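Inspection log for the structure reproduced underneath, given as structure tokens.
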Amino acid sequence: MRALVVANPAATTTNRGVRDRVLTTLADELQVELAETTHRGHGSELARKACVEGVDVVLALGGDGTVNEVVNGLLHDGPGDRVPPLAVVPGGSTNVFCRALGRSRDPLAATREVLDSLRAGRTRRISLGTASVRGATTAPARLPDPAFAQAAADAGAAAHPEWSEPRWFAFSAGLGFDADVIGRVEAHRARGVRSTGLLYVLEATGAFVFGGERRDPAMSAHLPGGPPLDGLFLCLVSNVSPWTYLGARAVNPTPDATFDGGLDVFALGPTGILRMLHHVREVFAARPDVRGTGVHRWHDLDELTLTARRPQGWQLDGDHLGTATGLRVRSVPSALTVVV
């Protein structure tokens, strides 16, 4: 069986020693080819080539960003029998998709699990999401130069009023607050700061307390067949539960989301500090059930469109992709075969 390993050498918890041990373990039973990513989008290029060359399985060794690129490469021409199954070994800081598939957080243990599954032929087809944006730019929402970044975002919004080509996401999409926090963390990472749960907490706290979006929300949600819901500053789109992790703890605003159904959405309107602290406590609960004034939840959606009066950060699978004034997401059932 031919296996292509797409590895991100810059992933948070991946180093050469871990990579080599993973490859050695795989090579005992598979014909393994290693391809390391060197630039943004390279994982997509490699996975797309694997489809053309008839590789039997593609294994992503890296974080959720690497998985997202590989998924987009595998599905460049859409779902179909020619698309090889995807296996995942964790190499990032959070590894939401890998953990959603039930894999161990230890790369070597996860590698052995993948081999066991391949021997037994354990695969399943999962739903995924696609996302299109309009008014988009790759400029960060505020960092490192807030005035310059805002001017670039405004210019992008004016220059790109049309919807972009759809892009796949595996487990999450978002417009607004969550993407802003991710952008802040990525700006620190670009300066050599390690990504940790504490860093996310600090940046989320700063963005919420001192940011203006919660006081003057710019977003509206548009569901098919109904009027728009205005006044949102946060909107999380989930394809599986939990939405993400903070270390070992699940962050779960959409507990009913699964790979077998449509998209689940959690949105917030204007929210004070005390109420937000209550919501945060709820999403960490063993049985999360966030409700209350300003809380909006939808389950098993086929599609959703978000629009904004001013540019907002947007993200897919935990990767900040710039700013946009619109995000349109759709669910695609049975889109991809994964090794489980």
(message) Here's a check for you: in region 120-141, which residue that is open to solvent by less than 80 Å² (accessible area, probe 1.4 Å) and in a loop (DSSP other than H, G, I, E, B) is modelled with the highest pLDDT?
(response) Gly121
(request) Tell me, please, whether a residue that is touching an Asp or Glu at 6+ places or on another chain (Cβ under 8 Å) and either acidic (Asp, Glu) or in a helix (DSSP H, G or I) (or both) can be found in region 77-88. (result) no
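Yes/no matrix, rows are residues, columns are (1) more than 15 Å from Ala335 (Cα to Cα); (2) touching a residue at least 60 places away in the same chain (Cβ under 8 Å); (3) buried (at least 18 other Cβ atoms within 10 Å of the Cβ):
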{"residue": "Leu34", "(1), (2), (3)": "yes, no, no"}
{"residue": "Gly41", "(1), (2), (3)": "yes, no, no"}
{"residue": "Leu46", "(1), (2), (3)": "yes, no, yes"}
{"residue": "Asp56", "(1), (2), (3)": "yes, no, no"}
{"residue": "Asn68", "(1), (2), (3)": "no, yes, yes"}
{"residue": "Gly73", "(1), (2), (3)": "no, no, yes"}
{"residue": "Arg82", "(1), (2), (3)": "no, no, no"}
{"residue": "Pro85", "(1), (2), (3)": "no, yes, yes"}
{"residue": "Ala100", "(1), (2), (3)": "yes, yes, yes"}
(request) Might you check whether a residue that is open to solvent by 30 Å² or more (accessible area, probe 1.4 Å) and either at positive phi or in contact (Cβ under 8 Å) with a residue 60 or more places away in the chain (or both) occurs anywhere in region 199-207? (result) no
(message) Looking only at region 282-340, how many residues end up being in a loop (DSSP other than H, G, I, E, B), open to solvent by less than 20 Å² (accessible area, probe 1.4 Å) and within 30 Å of Ala60 (Cα to Cα)?
(response) 1
(request) Search region 215-257 for residues being assigned to a loop (DSSP other than H, G, I, E, B) and aliphatic (A, V, I, L, M), and hand back the single one that is surrounded by the most Cβ atoms within 10 Å (Cβ to Cβ). (result) Ala257
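The values are calculated or read from the model by the stated rules, or taken from the named source; none is laboratory data. A quick note: this is a predicted structure, and the numbers were derived from the prediction, not measured. Heads up, the Cβs are rebuilt from the backbone with ideal geometry, glycines too, and the neighbour counts pull from every protein chain shown. Ligands, DNA and RNA are stripped out before the accessible areas are found, and what is left, the full protein with its side chains, is counted by its heavy atoms. Shrake-Rupley method; radii C 1.70, N 1.55, O 1.52, S 1.80 Å.
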